[in-house]
Amino acid sequence: MKDLLEIVGKKLSLKIEQVKNTVALLDEGATVPFIARYRKEVTGNLDEVKIGEILEEITYLRNLEKRKEEIIRLIDEQGKLTEELRKAILIAEKLQTLEDLYFPYKKKRKTKADIAKEMGLEPVARHIYIAKDLKELEEFAQEFITEEVENVEKAIEGGKLILAQELSENPTYREYIREYMLKNSLIISKVSKKAVELDPKKIYGDYYEYQEPIGKILSHRILALNRGEKEEILNISLILEELKREEIERFILKDYQNKNLKDFYSEIIKDSLDRLILPSIEREVRNILSEKAELEAISIFKENLKNLLMQPPLKEKNVLALDPGYRTGCKTVIIDKEGFYKEDTVLYLVKDMHNESQLKNAEKKIIDFIDKHKIDLIVIGNGTASRETESFVAELLRKYKSNVKYIIGNEAGASIYSASKIAAEEFPDLDVTVRGAISIGRRIQDPLAELVKIDPKSIGVGMYQH
């Protein structure tokens, strides 16, 4: 445990005592806000950011140590744990490095290479490293012809399959290729055959024929591509340009010392890349990209949510709140300066959709409400028919030379709130549409007090927050 604390302290540039005391409090069940506020004397005045970083780092390191123990046990049970492998596992500093070391020992479905080993063709694979030429290799392979291994070609093919699998399991190669693909591959998106049926509005149209270097792609595009793929509208793949792929082949080939069979070994490398390494690494790279994009989305969401909740309230304002709509009309509610609901109605105020009588009635009602309730502010939801409603209100206020101001308010999550348990408890006798309009008005009066009633993912302050 002491080593882990020292690692955390060194990484975060903190004293070992600060880390030790903070971890002890966290282990006792204390929360980050509690420690930051009430245990400053114990942590040496660490703020919530540093305490959160300590929690993140110690959790990662503990999971790393736990995984090391598990991997050592699993490999040992197979009777394949060497002292060199144990040492490599124990000094690993990343979970991904551990998984690369464990990869060859994972229980997988039987492969062609496994079948070749069962046929006794492993010596043929080893001889590929030392044979003077192809003729000598063929002569050596002759000794392994059996009922199962019908001829020399099949014996050599088995040896090639074994080496291809070993290349795909080599942790050094996997780490190099993973990092190389993260920097140099292209992400390609093509439209699926199901898109005509599943995406009639072409929401994902920008990605029907699309490619971009991974190093330049923005997080929101990664999330959009993932979602399009999940909905079976897009087919996503990663590719390497020919010259870049050849660079990977040369990186692996440089370790092969037998100059006489380099071309032969090069074919094994190509097979291993096509069939085993690249498909596997592609999944890992896409997981890394997705995780990074999700973390960035969460960070943006957090910042936007904080800014939204911390907007200064417009207190002491009598509000007329409008939840716009076309066919069903505009839900209209009055909220007094204390935030209490007073009354509601439905107005039809969209020109070219509602008749002159309805428009006149809407004008009269709004003016009556302004006078009756001494309205200070009109709040218009920013959803369907928002612009038409804004135009109507702006023209009305000019026509009557009213000093009342209007504002466009974010109505995201209002419908979620309106059908929630807390809304039903607040307004048991009101329709859900009226509750939604109340939420739109109240969140201008006091954003924090109103928005905390809504599930954060429904407030709409970040992309792909779901």
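Looking only at region 35-47, residues that are assigned to a helix (DSSP H, G or I) and loosely packed, with under 14 Cβ neighbours inside 10 Å come to 4 in all.
Within region 232-254, track down each residue that is surrounded by fewer than 19 Cβ atoms within 10 Å (Cβ to Cβ) and under 19 Å from LEU161 (Cβ atoms). GLU249, LEU253, listed by residue number.
For every residue, the table says whether it meets (1) outside any loop (DSSP other than H, G, I, E, B); (2) more than 20 Å from ASN410 (Cβ to Cβ); (3) in contact with a Ser or Thr (Cβ under 7 Å, 6 or more places away or on another chain).
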residue	(1), (2), (3)
ASN304	yes, no, no
LEU308	yes, no, no
PRO312	no, no, no
GLY339	no, no, no
LYS351	no, yes, no
LEU359	yes, yes, no
ASP371	yes, yes, no
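Evaluate region 23-37: report whether one residue or more is under 26 Å from the mean Cα position of the chain (by Cα), among the aliphatic types (A, V, I, L, M), within 21 Å of LEU95 (Cα to Cα) and in the same structural domain as GLU93 (by TED's automatic domain parsing). No, there is no match, as no residue in region 23-37 is under 26 Å from the mean Cα position of the chain (by Cα), among the aliphatic types (A, V, I, L, M), within 21 Å of LEU95 (Cα to Cα) and in the same structural domain as GLU93 (by TED's automatic domain parsing).
Being more than 24 Å from ARG286 (Cβ to Cβ) and without any contact (Cβ under 8 Å) to a residue 24 or more places away in the chain, is that true of even one residue in region 90-105? Within region 90-105, one or more residues are more than 24 Å from ARG286 (Cβ to Cβ) and without any contact (Cβ under 8 Å) to a residue 24 or more places away in the chain. Restricted to helices (runs of 4 or more DSSP H) entirely inside region 142-233, those with at least 2 residues that are within 24 Å of the chain's Cα centre (by Cα) and not basic (Lys, Arg) are 171-184, 195-198, 219-230.
Residues in region 253-276 include none that are modelled with pLDDT of 95 or more, part of a strand (DSSP E or B) and of a type in the set (Gly, Ala, Ser). With the structure loaded, tell me whether ASP455 is surrounded by fewer than 20 Cβ atoms within 10 Å (Cβ to Cβ), closer than 21 Å to VAL346 by Cα and among the acidic types (Asp, Glu) or whether it fails that test. No: the conditions fail for ASP455. Every test in (1) within 30 Å of LEU134 (Cβ to Cβ); (2) out of contact with any Ser or Thr (no Cβ under 9 Å at 6 or more places or on another chain); (3) among the hydrophobic types (A, V, I, L, M, F, W, C) is passed by ILE252 save one, and that test is (2). A search for C-beta distances below 7 Å between a residue of region 266-284 that is touching a residue at least 40 places away in the same chain (Cβ under 8 Å) and any residue that is among the aliphatic types (A, V, I, L, M) and surrounded by fewer than 17 Cβ atoms within 10 Å (Cβ to Cβ), counting only pairs 6+ apart in sequence or on different chains, returns ILE269/LEU253. Can you spot a residue in region 51-66 that is in contact with a helix residue (DSSP H, G or I) (Cβ under 9 Å, 6 or more places away or on another chain) and aromatic (Phe, Trp, Tyr)? Within region 51-66 (the criterion being in contact with a helix residue (DSSP H, G or I) (Cβ under 9 Å, 6 or more places away or on another chain) and aromatic (Phe, Trp, Tyr)), the answer is yes, since at least one residue qualifies. Of the residues contained in region 390-410, none is found to be part of a helix (DSSP H, G or I), touching a residue at least 60 places away in the same chain (Cβ under 8 Å) and closer than 19 Å to ARG443 by Cα.
The values are calculated or read from the model by the stated rules, or taken from the named source; none is laboratory data. The shown structure was predicted, so the numbers you read here are calculated from the model rather than taken from an experiment. So basically every Cβ, Gly included, is an ideal-geometry build from the backbone, and we count neighbours across all protein chains shown.
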